[in-house]
Structures are given as C-alpha cells and as structure tokens.
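The values are calculated or read from the model by the stated rules, or taken from the named source; none is laboratory data. For clarity, every value in this text was computed on a predicted model and none was experimentally measured. Note that each Cβ is placed from the backbone with ideal geometry, even for glycine, and that neighbours are counted across all protein chains shown. With ligands, DNA and RNA removed, areas are computed over all heavy atoms of the protein, side chains included. Shrake-Rupley method; radii C 1.70, N 1.55, O 1.52, S 1.80 Å.
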Amino acid sequence: GGTGFGGSVLLDAGRDFIMIGGSSSNNRRIEFNGGSNGLDGGDGGDLDLSSGSDIIIGKFSRIEGMGAAPDGDASFDMSIDAGGDIDFSGRIKANAKGADGGGGNLDITAAGSLTVSVDASIDMSGGFSGAGILDLTSTGPMVFDGTIDGTAGNGGDGAFVTLDASAEGRVGGTIDVSGTPFAAQNGKTTITACQVVIESGASLNANGGL
C-alpha cells in the first residue's frame with residue numbers, strides 16, 4: 001500500500017518446484033510489486049526461489065516484481081536456482097511501470113539444462129533509470145526460444161543480458177536491449193557456450209542508443 005516496497009518471497013523446495021495449471025484468463029501468480037500513491041512509486045520486492053532438483057514453470061504462470069509509477073524501480077533481487085533442470089514457459093515482469101523507474105535484476109541458474117520455451121517472456125524494461133540486468137546460466141545445455149524485453153524509454157539505458165551455458169547454447173528467440181534513440185546507450189547481450197547456435201528465426205536487437 002501507499003508507496004511501499006513489495007514483499008520478500010522465499011520458496012525453497014527440497015526436491016522439485018512445479019508451478020503449472022491455470023489458463024490464459026486465470027494465471028498462476030507470484031506477485032511482489034511496489035505500491036503507489038499516485039505521486040511516488042514503491043520498488044518491487046525480492047524473490048528467492050530454489051529447488052534441490054528441477055524447476056518447472058508453466059505457460060500460464062506469472063512472476064511479478066514491478067516498480068510502481070511514476071518512479072519505482074523493479075525488484076533488485078530476483079533469483080531462480082535449480083539443483084537440476086529448469087523448464088520455463090511462463091512470464092516474468094521485473095519492469096518499471098513509470099517513466100522514471102528502472103528495470104529489475106534477475107538471475108536464473110540451472111545445475112543441469114535450462115530451457116526457455118517460445119511461450120516464455122521476461123520483461124526487464126525501464127524508464128529514465130534504465131532497464132535491468134538478466135543472467136541466465138546453466139552447467140548443461142541451454143535453449144532460449146522466448147522473448148526478453150530489455151528496452152528503456154525516457155532517456156534510459158538498455159538492459160545487460162547474459163546467457164552462459166557450459167554445453168551447447170541455442171538461441172531462437174528475441175532479445176531486445178535497445179536504448180532511447182539519441183539519448184542513451186544501448187544495452188549489451190553476451191552469449192557464451194561450448195558451442196553457440198543462433199537459429200534462423202532469432203532476433204538480437206540493440207537499436208536506438210549511442
């Protein structure tokens with residue numbers, strides 16, 4: 001309420017963490033958004049989601065740590081950490097809702113394989129304070145077919161996105177880290193793997209900034 005900071009959420013599974021079910025009109029949700037009184041905006045809260053084995057997040061699941069308008073920043077500390085594989089098809093919104101806010105910081109780490117499906121989207125976009133920072137890491141193979149919005153408006157810088165796989169890394173989705181035209185820097189996308197494969201339908205954008 002008011003201009004409050006969103007809450008802190010801790011989810012720790014000894015074995016698998018599974019978030020599935022729902023529908024397009026009835027999403028499964030974890031929310032820790034900032035509050036607003038119309039004049040000032042609160043920041044998004046924190047998330048620590050971990051499992052000893054696999055993490056599965058289905059296509060009708062939403063995780064939100066947004067900064068409230070006009071100047072709240074998105075969650076500074078969001079982490080999803082699996083002792084096994086991660087299969088992600090849902091939506092994460094760690095963006096600023098106002099023109100003066102900043103995008104959030106998110107780490108997704110798998111001790112096994114990391115798969116981000118075509119249904120998945122991650123929004124780290126921001127305003128004047130810039131977009132966020134996103135790290136995707138796997139000690140096995142990585143497949144990224146989803147969408148990352150790391151753009152910034154109102155003079156802000158684009159996001160910094162890192163994909164790091166210890167085995168093959170395949171990218172077939174869309175990553176956009178564009179800054180504000182003529183007013184700020186573009187972001188940066190770094191992809192590291194034993195073998196990097198950019199699929200024919202992939203889109204890697206860093207337009208508009210200096």
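For the stretch 186-195, the Karplus equation 6.51 cos²θ - 1.76 cosθ + 1.60, evaluated at θ = phi - 60°, returns couplings of 5, x, 8, 10, 10, 10, 10, 6, 4, 9 Hz by residue, with Gly and Pro reported as x. Shape class for the stretch 1-56: oblate, because the ratio a/c of the largest to smallest gyration tensor axis (alpha-carbon atoms, square roots of eigenvalues) is 1.5 or more and b/c is at least a/b. For the stretch 1-98, the convex hull spanned by the alpha carbon atoms encloses 83 Å³ per residue.
Taking every pair of Cα atoms in the stretch 157-196, average 1/r, invert it to obtain the Kirkwood radius, and report Rg/Rh to two decimals.
In the stretch 157-196, Rg relative to Rh is 1.11.
Result for the chain in a Gaussian network model with C-alpha springs under 10 Å: among Leu39, Leu114, Leu49, the largest mean-square fluctuation is at Leu39.
Excluding ligands, DNA and RNA, the accessible surface per residue across the stretch 98-202 is 38 Å² with a 1.4 Å probe. Taking amide H as placed 1.01 Å from N in the peptide plane, the amide H of Phe128 sits under 5 Å from that of Asp100, Gly101, each at least 5 places away or on another chain.
Enclosing the Cα atoms of the stretch 46-108 in their convex hull gives a volume equal to 63 cubic angstrom per residue. Considering all C-alpha pairs of the chain, those separated by over 29 Å amount to 21%. Along the stretch 168-174 the Karplus relation, 6.51 cos²θ - 1.76 cosθ + 1.60 evaluated at θ = phi - 60°, assigns HN-Hα couplings of 5, x, 10, 10, x, x, 10 Hz to successive residues, with x for each Gly and Pro. For the chain, averaging the sequence separation of C-alpha pairs within contact (under 8 Å, six or more residues apart) and dividing by the residue count gives a relative contact order of 13 percent.
Straight-line cross-link partners of Lys59 among the lysines, defined as a Cα under 16 Å from its Cα and at least 8 positions apart when in the same chain: Lys93. Once you sort the root eigenvalues of the Cα gyration tensor of the stretch 77-181 as a ≥ b ≥ c, which label holds: rounded (a/c under 1.5), prolate (a/b larger than b/c) or oblate (the other case)? The shape class here is prolate. Hand me the trypsin sites (Lys or Arg not before Pro) from the stretch 2-105 located in a DSSP loop with no more than 13 other Cβ atoms within 10 Å, in residue order please. Qualifying residues, ordered by number: Arg15. Annotation: amide H-H contacts under 5 Å for Ile148 (H modelled 1.01 Å from N, sequence separation of 5 or more, or interchain): Ile122, Thr174, Ile175, Asp176. Amide H contacts for Ser50 (H built 1.01 Å from N in the peptide plane; partners 5 or more residues away or on another chain; cut-off under 5 Å): Leu11, Asp12, Ala13, Asp81.
For the stretch 125-210, chymotrypsin sites (Phe, Trp or Tyr not before Pro) are listed when DSSP marks them as loop and at most 11 other Cβ atoms sit within 10 Å of their Cβ; the list is Phe182.
Its Cα gyration tensor gives the stretch 111-164 an equivalent ellipsoid. The semi-axes, each the square root of 5 times an eigenvalue, are 25, 12, 6 Å from largest down. Phi angles across the stretch 7-15 convert, under the Karplus curve 6.51 cos²θ - 1.76 cosθ + 1.60 with θ = phi - 60°, into 3J(HN,Hα) values of x, 9, 10, 10, 10, 9, 9, x, 10 Hz, Gly and Pro given as x.
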